[in-house]
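Comments concern the structure below.
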Amino acid sequence: MDGAIKTKIMYKAFLSFPQLKEYLTVLLERGLLEHVEDENEYRTTDKGKQFLKMYKEVGQIMFPRAKKAR
C-alpha cells in the first residue's frame with residue numbers, strides 16, 4: 001500500500017500547512033488514516049477506504065448526471 005508524506009498531501013489537496021495539520025488530526029482521531037512512523041507516511045485505513053467508497057456512492061445518488069470518478 002502506498003502512503004504519502006505531509007508535503008505531497010498538502011500540495012495535492014491545495015491546503016495550507018495549518019489546514020493540513022488540522023485535517024490530519026481529525027482523520028487520525030477518526031481512524032480514517034494511519035501514520036507509519038518508520039516511513040514518515042500517512043496511509044488510508046480500511047475504515048477510510050470504506051468511507052471514501054460510501055462518499056462516492058452518495059455523490060452518485062445526489063448528482064447522477066455528473067461524470068463518474070475514475
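Any residue that is at pLDDT below 95 and aliphatic (A, V, I, L, M) - is there at least one of those in segment 8-16?
no
Residue-by-condition table, conditions (1) loosely packed, with under 15 Cβ neighbours inside 10 Å; (2) part of a helix (DSSP H, G or I); (3) not small (Gly, Ala, Ser):
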position	(1), (2), (3)
Ile9	no, yes, yes
Phe14	yes, no, yes
Leu52	yes, yes, yes
Tyr55	yes, yes, yes
Gly59	yes, yes, no
Ala66	yes, no, no
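Cβ-Cβ distance below 8 Å, separation of 6 or more or different chains: which pairs start in segment 26-54 with a residue that is among the aliphatic types (A, V, I, L, M) and end on one that is exposed (fewer than 14 other Cβ atoms within 10 Å of the Cβ) and part of a helix (DSSP H, G or I)?
Correct list of pairs: Leu32/Lys47.
Being of a type in the set (D, E, K, R) and within 18 Å of Gly3 (Cβ to Cβ) is the filter here, so list the residues in segment 30-70 that pass it.
Arg30, Glu34, Glu37, Asp38, Glu39, Glu41, Arg43, Asp46, Lys47, Lys49
The values are calculated or read from the model by the stated rules, or taken from the named source; none is laboratory data. Predicted model only: the values in this text are computed from it and were never measured. Quick reminder, even Gly has a Cβ in these numbers, built from the backbone with ideal geometry, and neighbours come from all protein chains shown.
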